[in-house]
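Starting off with a structure, shown below.
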Amino acid sequence: MKNLNSSEINDRVDNIPSDRLLTVDTTLEHFSIITYTVDLEKLRRIIPNQFDIYTINLEGVQYGLVSAVTFIDKDFRFKKLLPFLKLSFPQTNYRAYITDKKTGEKCAWFFGTALGSKLVFIPKLLWKMPWFLARYNSKFEIKNNSYKKYEIEISAKNANATIDISNENLSEFNSKGFDSIEEAELILTHPVSGYFLRSDNKLGKYKIWHPKMKSSNGESITTYFQKFESLGLLNVEQMSQPYSILLTDKIEFIIDLPPKKITTKN
């Protein structure tokens, strides 16, 4: 399994998408992945049947995984269309980890995306993506290559969030329940295909690219995401104890737009 997943990550790193009119290039700063284990039946009610839910085994019980992925888009730009126009805004993606039954590809399912910019109307209207407007109040302090302070308050309709984490006291990468660290890295840090339910009840899909993520481990001081509570996946107590927190101060991303409309929901 180790060699297989190392190869899969390398293939994804090497497979840089060709530039198209709406290809986006951006640098994501203060990037965090806060992951939780969730009850499999609760997650199954939400994920369309054409996907399997990726699971890990903890003490004989199978769990699904969801993550809140938060970052600052530092210089978001369309590489061919107005390449000199660069935008900056905060963003949070709420996602689960799935497998495409047809191809076997390990992917991400997006419940929704919070955007700290009025530009949120573009993906909502053009591509019917489940994005929504949010207000962010952020404080970051990095010392000796570690986050002494990583604090974000997010205000949004039915999706308020509090993120107060640090990685001063580093711990080992948590791969408990996975077959290997490489398997955990592949699933948590390197899905390149993302699916979502459009507002017209059709499925959408888009792809991204980024180099292999150099992440460090964090710990939760306070973590809460109303979005997961509204979906019926996690309660307040569960959200205070993430499965893992991964942090990286900066990473390059390419987003292959526009998303594709692929099928109706099963």
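Tell me, in nm to one decimal, what length is gained between Leu22 and Phe89 on full extension, where the rule is 0.36 nm per residue of separation less the Cα-Cα distance?
That pair, Leu22 and Phe89, stretches by 22.3 nm at full extension.
Too long at a 23 Å Cα-Cα cut-off: which of Lys79/Lys260; Lys74/Lys212; Lys149/Lys250; Lys80/Lys101?
Lys80/Lys101, as the Cα separations exceed 23 Å there.
Report the gain in length on full extension from Ile181 to Asn217: 0.36 nm times residue separation, minus Cα-Cα distance, nm rounded to one decimal. Don't skip to the end; give the middle numbers.
Working: separation 36, 0.36 × 36 = 12.96 nm, distance 1.32 nm.
Taking 0.36 nm per residue and subtracting the Cα distance, the gain is 11.6 nm.
Evaluate the Debye formula for the range 4-161 with equal point scatterers sitting on the alpha carbons, no solvent, and hand back log10 of I(q)/I(0) at q = 0.09, 0.13, 0.20 Å⁻¹, in q order, two decimals.
-0.38, -0.81, -1.46
Suppose each label sits 7 Å from its Cα in the direction of the beta carbon; what would the Lys260-Arg135 distance come out to in nanometres?
If labels sit at Lys260 and Arg135, their model points lie 4.0 nm apart.
Another question, if that's okay. About the Cα centre, and with charges only on the beta carbon of Lys, Arg (+1) and Asp, Glu (-1), how big is the dipole of the chain? Nearest 20 debye, please.
1340
Laboratory data are not the source of any read-out in this text; all were calculated from the coordinates shown. Only a predicted model underlies this, so the values are computations on that prediction, with no experimental measurement involved. Note: ideal-geometry Cβ built from the backbone for every residue, glycine included; neighbour counts use all protein chains shown.
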